[in-house]
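Working notes, structure below.
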Amino acid sequence: MLLRIMFHDRPIPVNVPDHGYSEDLLEELTDTLVLRLEAAQKQAPAGWDELQTIELEAASGGWKAVLYFSGDKRPAESLPLR
């Protein structure tokens, strides 16, 4: 399932496994994701304009977001969501 979040005034596609999750859970996950992205950006402000897509994955004890950036300057990063 493909969702979109707004980050840096542009839509970012978010791929979520299609397992029939409730709208409430998806809204909570995307809200948490935006907050975590904003916090991560404050810690390392460079390169966020190259964020291309995000995949949400169920992880032990919660969820994680895998962030994919364009170009070779920045590798994919994993961001835990709890």
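What follows draws every value from the coordinates through simple rules; no lab data is involved. Owing to the predicted nature of the structure, the values given are computational and were not obtained by experimental measurement. Quick reminder, even Gly has a Cβ in these numbers, built from the backbone with ideal geometry, and neighbours come from all protein chains shown.
Key figures for this structure:
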item: Given charges at beta-carbon only (K, R positive; D, E negative), |dipole| of the range 2-81 in Debye; result: 340 debye
item: In sequence order, calculated HN-Hα J values of the range 70-76 (Karplus, 6.51, -1.76, 1.60; Hz; x Gly/Pro); result: 7, x, 9, 5, 9, x, 4
item: Ratio of Rg to Rh over the chain (Cα coordinates, Kirkwood Rh, two decimals); result: 0.94
item: For Phe7, distant residues with modelled amide H under 5 Å away; result: Ile12
item: Antiparallel DSSP beta bridges within the range 2-81, percent to nearest 5; result: 90 percent
item: Neighbour net charge for Pro80 - beta-carbon separation under 10 angstrom, K R +1, D E -1; result: +3
